[in-house]
Amino acid sequence: MPNSPTDVFSQLIIKIAVNYPQFDLAIDHAIPLQGITGVFGHSASGKSTLLRAIAGLEKNLSGEISLANKSLTNTKQGVYLKPEQRQVGLVFQNSRLFDHLTVLGNLEYAVKRCKQSKLSLNNVIELTELTTLLAHKPDELSGGQQQRVALARAILAEPKLLLLDEPLSALDQHSKTQLLNMMLNIQKQLNLPMLYVSHSLDELQQVCDNLLVMAKGKVVNFGNIHQVIHQLNNDDDDAIIHQQTSLSLPIKEFDNGHGLTALALNAQQDIFLSCEPSFAQQSQLRCFILASDISITLTEPMNSSIVNHLFGTIKEITQQKNKVLLIVHCGSQDFFVSISAFSQQKLSLTLNQQVYLQFKASAVRTFIH
Amino acid sequence: MMNSDWQALITTLEMAALTTIILLIIGTPLAWYLAKMTSRFKVVIEAVVALPLVLPPTVLGFYLLIAFSPEHLPGQLWQQATGQQLAFSFSAIVIGSVLYSLPFVVQPLQKAFEQLGDSLLEAAALLGAGPIDRFFTIVLPLTKASFITAASLGFAHTVGEFGVILMIGGNIPGETRVLSIALFDHVEAFDYARAHLLSISLLMSSMVLLAAIYWLNLPKRKNRNALVNNANVTEGKTNA
């Protein structure tokens, strides 16, 4: 983790302890203020407490928090900025809209109190697709619409950092997808750093650049999203996640003429998945393949309906109860494969052995599309 | 009604209006403080606020009479500050009324603030709204009905006051002679016609005021649960 004096301006630095009778949080970490950083962990791992501490809503803490070299909290020096002075936005799980105001009234509430007003209200209304809802009262909206209003309202306060506390957890799949796409779009257009708490790795995998993993009030892992997911695969303790290979690959061919999209894994090998119309606008695709969806063969499966087969070398073999987790190196990419101990014995797989991976196009999953 | 009764009516309305204004000014922060308070002293303060609901008004009046007399500190301080005697003055019955009607204003407001919770206030703070801003733009609009209930109950209860005023105000026309005292005078003087007239006017106006409060709290309102609960709490305590 780089932490030289020059990059404190682009970092959120957190050195705090929160103590409750049932729960302790202790964090000493710096998070780069760029892109979307996911915060992942079980319930009661301290994710929400961390966000509340950054937002200034958590009174019961000691230590310091600084955002782009501006001190938000420093209990030793008696600094404790009020939430309204922090320029930190927070979108809550339940949208917390003001029921006595219309949608437009809610948005204007933020605009009126914003000191810079660089953003155009109309621009944000368009980004969040609220144009037709402005005259409605919040209780006339669906859950997804309410969260879009909450997102727009938080952005209009022009925060330096936007916190999102499980904003999708109460929504249906369609609304989740829509809101995730909006978040990505907004992050890019406004260059607004976000800290996004979720217990759904699928959501985080789709939008985050970095991932911070919390357990029992501590940070247990931080880094590039794909790397951290791959490290989580090795946690023996009965799977905090579904073991998977997390990928971000360039789209080589939108439609191969048979309804499949080709992603370039490396110069020689492609991965195929079912083509979706929304892929057309993208050059890069986030996807994941569950370790249980990949099988191993010793010879190249030429006569199979399964479209994806990759050649690789076994790098690691880990026994996990009656399963075996293999890490197979294909080109420059590691793939995680979970097979039964029975199959491993039958094929007598060993380290550095060359094998073929095979998985169906439908095993290559994207959450957003 | 005769001139003296009109004068009593005006004194009553002046007393009730002033009392209600004072109650809203001191009752709102007190109710807010109680709603947010987590200390165990909360129950003690709540009990003190609720005391006038169960205490015979004459008991409260008796202690106030003693306190307001020139021999005791509150009465002395008042006399030094204003040059007037506190006991048997208009100011005395207003102070007495404020104490006597306090729970009728504080309890509905406290309940409303508790039900409003912190979540919307946190959201407003993160949008840059400071405490005063939040009170006027979030708390007040969302608890408006409870404020109207509190003010109406405070006003009505003050109008109906008798025991405390009799103890600390006496019966000075234009100063402390309010409608309930005037009614008592008429009965004492066997002037039942005038007593009837005053009684029926007080009864009708109280009825109209209460009906208006309940109409305001009709379940069609959006924050109806909060309002109905407020009304129930206040109603229950009134009957106690």
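The values are calculated or read from the model by the stated rules, or taken from the named source; none is laboratory data. Quick caveat: nothing in here was measured; it's all calculated off a predicted structure. Glycine also receives a Cβ, built like all others from the backbone with ideal geometry; neighbour counts cover every protein chain displayed. Just the protein is used for accessible areas: all its heavy atoms, side chains included, with ligands, DNA and RNA removed. Shrake-Rupley method; radii C 1.70, N 1.55, O 1.52, S 1.80 Å.
What the table shows:
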read-out	value
Answer residue from the range A:82-98, given it is open to solvent by 40 Å² or more (accessible area, probe 1.4 Å) and either in a loop (DSSP other than H, G, I, E, B) or more than 9 Å from chain B (Cβ to nearest Cβ) (or both) and is farthest from B:G117 (Cα to Cα) among those	A:Q87
Answer from B:I148, B:I172 - the residue that is under 24 Å from the mean Cα position of the chain (by Cα) and either modelled with pLDDT under 90 or charged (D, E, K, R) (or both)	B:I172
The lone exception for A:Y196 - which of (1) farther than 21 Å from A:K47 by Cβ; (2) touching a helix residue (DSSP H, G or I) at 6+ places or on another chain (Cβ under 9 Å); (3) aromatic (F, W, Y) it fails	(1)
Every residue from the range A:42-70 that is in a helix (DSSP H, G or I), open to solvent by less than 30 Å² (accessible area, probe 1.4 Å) and more than 10 Å from chain B (Cβ to nearest Cβ)	A:K47, A:T49, A:L50, A:L51, A:A53, A:I54
Strands (runs of 3 or more DSSP E) wholly inside the range A:266-311 containing at least 1 residues that are within 19 Å of A:D202 (Cα to Cα), open to solvent by less than 40 Å² (accessible area, probe 1.4 Å) and modelled with pLDDT of 90 or more	A:270-274, A:284-290
Candidate set from the range A:141-164 (those that are assigned to a loop (DSSP other than H, G, I, E, B) and free of Cβ contacts under 8 Å to residues at least 60 places away in the same chain); member that is farthest from the other protein chains (Cβ to nearest Cβ)	A:S142
Filter result for B:I181 (away from chain A (no Cβ under 14 Å), open to solvent by 30 Å² or more (accessible area, probe 1.4 Å) and among the β-branched types (V, I, T))	no
Residue match in the range B:79-87 (condition: within 14 Å of another protein chain (Cβ to nearest Cβ), among the small types (G, A, S) and part of a helix (DSSP H, G or I))	no
Considering residues of the range B:104-162 that are of a type in the set (D, E, K, R) and closer than 26 Å to B:S206 by Cα only, the residue least open to solvent (accessible area, probe 1.4 Å)	B:E161
Top-ranked residue of the range B:215-226 - restricted to ones that are in a helix (DSSP H, G or I) and surrounded by 14 or more Cβ atoms within 10 Å (Cβ to Cβ), ranked as modelled with the lowest pLDDT	B:A226
Residue count, the range A:320-354 (criterion: part of a loop (DSSP other than H, G, I, E, B), out of contact with any strand residue (DSSP E or B) (no Cβ under 7 Å at 6 or more places or on another chain) and not hydroxyl-bearing (S, T, Y))	2
Residues located in the range B:1-21, provided they are open to solvent by 60 Å² or more (accessible area, probe 1.4 Å) and part of a helix (DSSP H, G or I)	B:N3, B:W6, B:Q7, B:I10, B:L13, B:E14, B:L18, B:I21
Residue among A:K59, A:K47 that alone is assigned by TED's automatic domain parsing to the domain that holds A:K218, of a type in the set (D, E, K, R) and modelled with pLDDT of 90 or more	A:K47
Any hit, the range A:211-218, residues being in contact (Cβ under 8 Å) with a residue 60 or more places away in the chain, open to solvent by less than 60 Å² (accessible area, probe 1.4 Å) and over 14 Å from the mean Cα position of the chain (by Cα)	yes
Exclusive hit being part of a loop (DSSP other than H, G, I, E, B) and modelled with pLDDT of 90 or more, set B:G128, B:G154	B:G128
So A:G259, is it assigned by TED's automatic domain parsing to the domain that holds A:A26, at pLDDT 90 or above and on the phi > 0 side of the Ramachandran plot	no
Close pairs from the range B:127-147: first within 11 Å of chain A (Cβ to nearest Cβ) and within 17 Å of A:V111 (Cβ to Cβ), partner open to solvent by less than 50 Å² (accessible area, probe 1.4 Å) and among the hydrophobic types (A, V, I, L, M, F, W, C), Cβ under 6 Å, at least 6 apart	B:L127/A:A110; B:L127/A:A157; B:G128/A:A157; B:R134/B:L121; B:R134/B:A124; B:I138/B:L120; B:I138/B:A124
All positions within the range A:124-140 that are within 14 Å of another protein chain (Cβ to nearest Cβ) and either closer than 16 Å to B:E122 by Cβ or assigned to a loop (DSSP other than H, G, I, E, B) (or both)	A:H136, A:K137
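Residue-by-condition table, conditions (1) assigned to a strand (DSSP E or B); (2) facing chain B (nearest Cβ under 8 Å); (3) surrounded by 21 or more Cβ atoms within 10 Å (Cβ to Cβ):
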| position | (1), (2), (3) |
| --- | --- |
| A:L72 | yes, no, yes |
| A:H100 | no, yes, no |
| A:G105 | no, no, no |
| A:Y109 | no, yes, yes |
| A:C114 | no, yes, no |
| A:N122 | no, no, no |
